[in-house]
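One structure below.
Each reported figure results from applying straightforward, stated rules to the coordinates on display, with no laboratory input. Worth saying up front: this structure is predicted, and the values here are computed from it rather than measured. Please note: Cβ atoms are built from the backbone with ideal geometry, for glycine as well, and neighbour counts cover all protein chains shown.
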Amino acid sequence: MLNKTLKVEGMTCDHCVSAVEGSVGSLKGVDKVKVDLNQNTVDVVFHEDQVSEDQIKEAIDDQGYDVVSS
Ligand code: 9UX
């Protein structure tokens, strides 16, 4: 089990929150996902043997947002 906080740009409204939390949350292996609009972060708890950090970043990217680093 891993807890990562990703910096993500472009999330500005509640629909953005729903899009990111919905897509990441639907990935197999993701236990918890929480967007913080003020910090521009996405906090994710996941099982690294079931889903990779890259897959999570890709899901965010697919929704149209930019994962900044790490
Ligand atoms: Mo509303 Mo969030 O257009 O991109 S969904 S700002």
Query raised in the report: Quick one: helix 53-62 against the long Cα principal axis of the chain, what's the angle to the nearest 10°, folded into 0 to 90?
Result: 30
Query - Relative compactness, the range 2-67, computed as alpha-carbon Rg over 2.2 N^0.38 Å - result: 0.97
Query - Label-reachable residues, the range 1-30, where backbone N falls under 16 Å from a point 7 Å from Glu48's Cα toward its Cβ - result: 1-6, 29-30
Report summary line: Once amide hydrogens are built 1.01 Å from N within the peptide plane, the residues lying 5 or more places from Asp31 or on another chain with amide H under 5 Å from its amide H are Val45, Phe46, His47
